[in-house]
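Participant: Pasting in a structure now, in structure tokens, and then I'll have a few things to ask.
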Amino acid sequence: LEQPVDSLPKIEDTSDRLLANLHVRFVAALNDRKDSFHYWTSQHLRVSGMYWGCSALFLLNRSASVFNADDIIAFTLECQNSDGGFGGNHGQASHMLYTLSALQVLALYRGLDKCRRDDAVAWIAARQKSNGSFEGDEWGEVDTRFPYIALNALQILGRVDAINIEKAVEWILLCQNWDAGFGVSPGAESHAGQIFCCVAALCIANSLHRIDVDRLANWLAFRQLPSGGLNGRPEKKADVCYSWWVMSSLSTLQRLDWIHKDALFEYIFACQDAEDGGIADKPGNMPDVYHTFFGLCGLSLLGYQPSDPTIELREINPVYALPYDVLEELGITAERGL
Ligand code: GRG
Ligand code: ZN
């Protein structure tokens with residue numbers, strides 16, 4: 001910690017609906033709660049937790065005041081294994097999920113050149129199978145999350161040429177269903193999380209013209225419930241994280257206005273913990289760093305403008321889940337889009 005949590009503003013000193021100062025405190029305090037049940041149960045995904053927390057701080061433009069960049073970079077570098085991939089914590093096996101999170105954290109803190117880039121490229125590229133799909137690790141689980149992760153991570157490393165993009169696109173298209181959505185694998189039920197992965201992957205591969213955008217956007221727009229919140233598939237309950245999985249997809253498809261913006265704002269605000277900060281999945285539940293980040297993402301994608309001038313909410317890119325200035329520095333220019 002660059003600054004002790006107690007020196008951060010304790011009471012919410014803003015009249016804004018977005019309790020930004022409390023959310024900064026909430027993220028800062030996570031590092032201090034090493035005795036909590038949550039800390040110990042989430043250690044296998046420490047790198048992803050760091051990505052969610054650090055990204056939340058970047059969105060609020062408060063990253064410099066909370067964590068020490070050198071410490072974050074050093075921790076992340078230690079998660080890179082001899083095979084080139086990254087594990088979720090020191091000494092854990094490489095996995096696509098943590099490899100992307102680690103590269104995103106290094107990108108945020110400008111530490112990419114300190115990792116073994118070529119080894120990371122080789123490990124990611126080796127996860128592609130002959131039918132174009134990707135496995136998550138050396139044990140072979142196949143899922144539409146993994147071609148997205150490969151494309152995002154390799155763009156961060158400037159090496160998308162290391163994989164067969166056309167075959168990846170063909171496999172992703174096999175995962176599209178009659179309802180225009182996408183599932184984990186061919187024939188699997190449509191789910192907003194998988195749709196995010198497929199839409200973002202197709203965007204990076206300049207292949208969005210191969211899907212029926214209006215039909216897919218229609219399925220996504222139907223995720224909004226009377227509460228204003230979004231669910232991830234029909235008949236399910238609303239959850240703040242779909243403010244990212246659904247809204248990022250609609251943003252990439254240029255159909256953000258198919259959602260009632262103010263109603264979603266109200267749902268996200270209702271999920272804030274007004275005492276200790278953080279955002280929960282549903283109103284009244286315990287907040288966590290994952291829903292805190294994705295709640296902020298939803299507000300960012302929909303252009304929420306804080307009324308308090310001391311609060312900032314920066315724009316997040318819906319495909320890479322990184323702030324635009326970071327992508328610019330990496331030389332990642334906009335895809336062709338639609
Ligand atoms: C860089 C943002 C980013 C992501 C990396 C990990 C990943 C790639 C994508 C995950 C996509 C995904 C499958 C998200 C959905 C997660 C989720 C809320 C699953 C819950 O599923 P159920 O069935 O919940 O438990 P529902 O809401 O359907 O009841
Ligand atoms: Zn959720």
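Read-outs: derived from the displayed coordinates by stated rules, not from any lab. The structure presented is a predicted model; accordingly, all values stated were derived computationally and were not measured. Virtual Cβ from ideal backbone geometry, glycine too; neighbours counted across all protein chains shown.
Participant: How far apart, in nm, are two points set 7 Å out from the Cα along the Cα-to-Cβ line at Asp32 and at Thr310?
Facilitator: My value for the distance between the label points is 1.9 nm.
Participant: Please identify the chymotrypsin sites (Phe, Trp or Tyr not before Pro) of segment 95-191 that satisfy two criteria: DSSP loop assignment and at most 12 other Cβ atoms within 10 Å. Which are they? Numbers along the way, then the final one.
Facilitator: Working: sites: Tyr98, Tyr109, Trp123, Phe134, Trp139, Tyr148, Trp171, Trp178, Phe182; in loops: Tyr109, Trp139, Trp178.
The qualifying sites are Trp139, Trp178.
Participant: Run through segment 132-194 and list the GluC sites (Glu not before Pro) located in a DSSP loop whose Cβ has at most 12 other Cβ atoms within 10 Å.
Facilitator: Working: sites: Glu135, Glu138, Glu141, Glu166, Glu170, Glu189; in loops: Glu138, Glu141, Glu189.
In loop regions of segment 132-194 (DSSP not H, G, I, E or B), there are no sparsely surrounded GluC sites (Glu not before Pro).
Participant: So, in nm, how far is label Tyr324 from label Asn218 when the simple model puts each one 7 Å beyond its Cα toward the Cβ?
Facilitator: About 3.2 nm, to one decimal.
Participant: Here's something else I'd like to know. Residue separation times 0.36 nm, minus the C-alpha to C-alpha distance between Leu174 and Ala122: what's the value? Write down the numbers at each step before the final one.
Facilitator: Details: separation 52, 0.36 × 52 = 18.72 nm, distance 2.57 nm.
My answer for the length gained is 16.1 nm.
Participant: Also, quick follow-up: List the residues, sorted by chain then number, that are 5 or more residues from Phe86 or on another chain and whose placed amide H is less than 5 Å from its amide H.
Facilitator: Close amide H contacts, sequence-distant or interchain: Asn81, His95, Thr99.
Participant: Want the number for Ala64 to Ser185: 0.36 nm per residue separation, take away the alpha-carbon distance, what's left? Working shown, then result.
Facilitator: Values: separation 121, 0.36 × 121 = 43.56 nm, distance 4.02 nm.
Difference between extended and current length: 39.5 nm.
Participant: Helix-only estimate, please: 222 nm mean residue ellipticity of the chain, summing -39500 (n - 2.57) across DSSP H runs of length 4 or more and dividing by its residues, to the nearest 500. Let's see the in-between values first.
Facilitator: Numbers: 15 runs with 150 residues, N = 338.
So the calculated ellipticity at 222 nm is -13000 deg cm²/dmol.
Participant: With springs only between Cα atoms under 10 Å, which of Thr252, Thr14, Thr76 fluctuates most in a Gaussian network model of the chain?
Facilitator: Thr14
Participant: Also, quick follow-up: If you keep only loop residues by DSSP, which GluC sites (Glu not before Pro) in segment 233-283 have at most 16 other Cβ atoms within 10 Å of their Cβ?
Facilitator: Values: sites: Glu235, Glu266, Glu275; in loops: Glu235, Glu275.
Filter output for segment 233-283: Glu235, Glu275.
Participant: Additional query: If I model a spin label at Asn164 and Arg210 as a point 7 Å from the Cα along the Cα→Cβ vector, what separation in nanometres do I get?
Facilitator: Distance between the two pseudo-spin positions: 1.3 nm.
Participant: Give the Kirkwood hydrodynamic radius (Å, one decimal) of segment 193-338, defined as one over the mean of 1/r across all pairs of different Cα atoms. Let's see the in-between values first.
Facilitator: Numbers: mean 1/r = 0.0639 Å⁻¹.
Value: 15.7 Å, from the Cα pair sum.
Participant: Using alpha-carbon positions, what is the distance between the centroids of segment 196-215 and segment 82-157, in Å?
Facilitator: Using only Cα atoms, the two centres lie 21 Å from each other.
Participant: GNM, the chain, Cα, under 10 Å: largest mean-square fluctuation among Ala102, Ala217, Ala74?
Facilitator: Ala74
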